[in-house]
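Notes for the one structure printed next.
Where a number appears in this text, it was derived from the coordinates with a stated rule and is not lab data. Note that the coordinates shown come from a computational prediction; the quantities given were computed from them, not determined experimentally. Heads up, the Cβs are rebuilt from the backbone with ideal geometry, glycines too, and the neighbour counts pull from every protein chain shown.
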Amino acid sequence: MMDDLPLLEVVDLSVTFSSREGEVFAVDKVSFSLFPNEVLGVVGESGSGKSVTSLSILRVLPASSRIANGSIFFRDEGRTIELANVDSESEPVRSVRGRRISMIFQEPMSAFSPLHTIGNQIGEAIALHNLPPGLSRSQRKLEVRKQTIDLLASVGMPTPEQLIDSYPHELSGGMRQRALIAMGLACHPSILIADEPTTALDVTLQSQVIALLSRLRSEQEMSIIFITHNLGVIAEIADRVLVMYLGREMETASVDDLFHNPKHPYTRALIRSMPTIAGTLDTLIPIEGTVPSPNNLPTGCRFQTRCPERVDGLCNVHEPVSIEIEPGHRVACFLSGSPVPQGGTND
């Protein structure tokens with residue numbers, strides 16, 4: 001059962017990028033919570049704002065972007081830290097980033113430097129945050145190596161005493177992914193953000209990574225934000241799911257409710273487009289059209305240009321707000337009860 005207070009609370013988060021056409025909203029008024037020992041799945045097509053949301057939490061956004069609005073509250077070790085409205089290099093942010101909130105980035109080959117061994121790169125965070133005071137230089141070196149080997153062993157790396165001195169290109173894709181997970185766990189974070197950690201892996205390795213993260217979550221009582229476009233992976237690992245489209249929240253629900261009682265047309269379209277090995281052999285139903293450019297957002301609902309259930313004069317005029325239709329189940333859709341604004345467009 002989830003604690004009453006969330007570990008992480010994102011409120012009305014908006015993130016913009018500078019472009020020749022002006023500021024573009026990559027994330028627009030997104031709110032969600034993450035509770036202790038919970039896995040929150042964040043799903044949506046490319047360009048939905050999933051990764052930008054996670055980079056905002058760690059305050060490692062590109063220089064061309066900024067948090068335009070909203071708050072990010074992190075509750076840990078008896079205090080509440082607001083991360084959105086302070087300098088990204090301030091003490092509160094630096095005390096959290098990498099130590100209490102860590103991230104597994106996409107593409108292990110680009111996340112690791114090719115010039116250093118995986119042991120050296122994992123050991124940097126340990127040396128910075130995780131050593132007892134008073135050690136000599138040689139003692140620090142030995143302790144970092146010991147902790148790094150233990151980490152590699154904990155993520156299932158065979159012969160970690162040898163692989164610690166390997167360079168990233170000397171490891172298979174699955175071993176690089178495990179090493180990247182070990183680096184994310186170096187300081188025993190309260191929250192691990194996993195950004196598409198299974199995308200470049202075959203289905204066997206995907207299953208191993210999911211099982212590994214599930215085991216580590218249980219052993220370390222850690223919360224996970226799991227970002228992916230793969231609903232099949234979400235069904236295996238997540239407790240709750242946030243569905244995003246073009247920077248907006250479309251639906252948030254428990255994983256059971258999302259798959260058995262989806263309310264938003266976009267969520268239903270994503271589920272219909274999933275292949276299945278059970279039941280009759282049916283033709284996949286793709287989502288028609290493509291995701292519009294953030295530089296040229298449609299009026300009304302973001303999804304209305306592709307929605308088979310669109311109501312003309314409503315969905316293409318007004319933008320629905322997310323409302324709670326059942327305990328823990330939020331939807332941004334007029335067909336599910338979002339209030340219709342009185343006058344105006346694209347509210």
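What number, rounded to the nearest 500 deg cm²/dmol, is the helix-based mean residue ellipticity at 222 nm of the chain, given -39500 (n - 2.57) per DSSP H run of at least four residues and division by all its residues? If you can, show how the numbers build up before the last one.
Details: 11 runs with 104 residues, N = 347.
Here the helix-only value at 222 nm equals -8500 deg cm²/dmol.
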Item to check | Local electrostatic count at V15 - Lys and Arg +1, Asp and Glu -1, tallied over other residues with Cβ under 14 Å | outcome: +1
Checklist outcome for this item: Scoring only Lys, Arg, Asp and Glu (+1, +1, -1, -1) among other residues with Cβ under 13 Å from the Cβ of G337 yields -1
Checklist entry - lysines near K263 by alpha-carbon distance under 27 Å, same-chain residues fewer than 8 away left out - which ones? => result K29, K50
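Return one quarter of the surface area of the convex hull spanned by the alpha-carbon atoms of the stretch 196-304, equal to its mean projected area, in nm².
Averaging across all directions leaves 8.5 nm² for the Cα convex hull.
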Next on the checklist: Can you give the log10 of the normalised intensity I(q)/I(0) at q = 0.08, 0.09, 0.11, 0.12 Å⁻¹, computed with Debye over equal Cα scatterers of the chain?
Outcome noted: -0.42, -0.52, -0.77, -0.91
Item to check | Alpha carbon centroid spacing (whole Å) that separates the stretch 98-156 from the stretch 212-255 | outcome: 26 Å
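Applying 1/(1 + (r/R0)^6) with R0 = 30 Å to the Cβ-Cβ distance of E324 and N295, what FRET efficiency is obtained, to the nearest 0.05?
Values: r = 32 Å, r/R0 = 1.06.
With a Förster radius of 30 Å, E is 0.40.
So how much slack lies between D256 and S71, counting 0.36 nm per residue of separation and subtracting their Cα-Cα distance, in nm? The partial results should precede the final answer.
Numbers: separation 185, 0.36 × 185 = 66.60 nm, distance 2.87 nm.
Gain on stretching D256 to S71: 63.7 nm.
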Checklist outcome for this item: Note: the stretch 168-228, point scatterers on Cα, Debye, no solvent; log10 I/I(0) at q = 0.19, 0.23, 0.30 Å⁻¹ equals -0.68, -0.99, -1.45
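What number comes out for the charge environment of M103, summing +1 per Lys or Arg and -1 per Asp or Glu over other residues with Cβ under 14 Å away? Could you put the intermediate results ahead of the total?
On the way: positive: K50, R59, R97, R99, R100; negative: E107, D195, E196.
For residues surrounding M103, the net value is +2.
Give me the orientation-averaged projected area of the Cα convex hull of the stretch 267-336, in nm², one decimal.
Values: hull surface 25.5 nm².
Computed as one quarter of the Cα hull surface, the answer is 6.4 nm².
How large is the translational diffusion coefficient of the stretch 102-233 in µm² per second when you combine the Kirkwood radius over alpha carbon pairs with Stokes-Einstein at 4 °C and 1.567 mPa s?
Working: Rh = 15.0 Å.
The calculation lands on 86 µm²/s.
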Checklist outcome for this item: Distribution output for the stretch 1-102: share of Cα-Cα pairs per 5 Å bin in percent, first bin at 0, values 2, 12, 23, 24, 20, 11, 5, 2, 1, 0
Checklist entry - Suppose every K and R has +1 on its Cβ and every D and E has -1 on its Cβ; what is the size of the dipole of the stretch 285-331 about the Cα centre, in Debye to the nearest 20? => result 140 debye
Checklist entry - Sequence-distant or interchain residues sharing an amide H contact under 5 Å with M250, placed H: which? => result V243, M244, Y245
